[in-house]
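Following: one structure in C-alpha cells, then a few remarks.
No lab work stands behind these numbers, since they all come straight from the coordinates. Keep in mind that this is a model prediction, so the values were computed, not measured. So basically every Cβ, Gly included, is an ideal-geometry build from the backbone, and we count neighbours across all protein chains shown.
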Amino acid sequence: MSHQKTPLINAIIFFIFWLLVLLAGADKPPPIGFLWIVLVIALSALVVYWRIPTYVQWSQTQQPRRLLRVALEGFVAGLVVAMPFALRGSGEPSITMQPIDYVGWFVVLGMMGMLNSLTLYIINAAVARRLDSDESSIS
C-alpha cells in the first residue's frame, strides 16, 4: 500500500463501517428516510478522503498541537453532521424535542466526530510511519 492509496482506503472503510453500524440500529427494513443518513455517511467519507493527507503530514512533521487540532476538527464535523437532523426534528410526530434533547444530540455527535478524527489520525500516523520505515529499508 502506498501513501496515495491511503485516503481512498480510509474513506471506503469509514463509509462501510458507519453504514453497517447505523444499519444495525435501524428498523428492518430501514425506512426511506435512511437514505439521508447514507448521504451524510458518503459526504463524511469524502471529508475523510480530503483530510487524511493533512493528518499524515501533521504526523510526519510533528506539527505543534496537532492532536488538539484534530480533536477540534472532529468535534466541529460532528456538530455539522448533527445540524440538519436537529433542524428536521425527531421524525416522530408525537415527540416534542426539548432544549436538553438538542444539547445531548449535539454533544454526542460532537464527541463521536472527535473520536472518529482522533482514531483516524492515530491509525494513519502509525500506517505512515510503517510505510516510511518499509520504504527506507528497501532503499
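Positive-end ranking of PHE15, VAL38, LEU120 along the dipole of the chain, with charges on Cβ about the Cα centre, is headed by LEU120. Highest GNM mean-square fluctuation among PHE14, PHE34, PHE75, for the chain modelled with Cα contacts below 10 Å: PHE34.
The order of VAL80, VAL70, going from fewest to most other C-beta atoms within 10 Å of their C-beta, is VAL80, VAL70.
Taking the longest Cα principal axis of the chain as reference, the axis of helix 66-88 is set at about 20 degrees. Near the amide H of ALA26, within less than 5 Å, lie no amide hydrogens of residues on another chain or at least 5 residues away, with H placed in the peptide plane.
By other beta-carbon atoms within 10 Å, ranking THR96, THR6, THR54 with the fewest at the front produces THR96, THR54, THR6. Each helix, a run of at least 4 DSSP H residues, gives -39500 (n - 2.57); summed and divided by the residues of the chain, these come to -28500 deg cm²/dmol at 222 nm.
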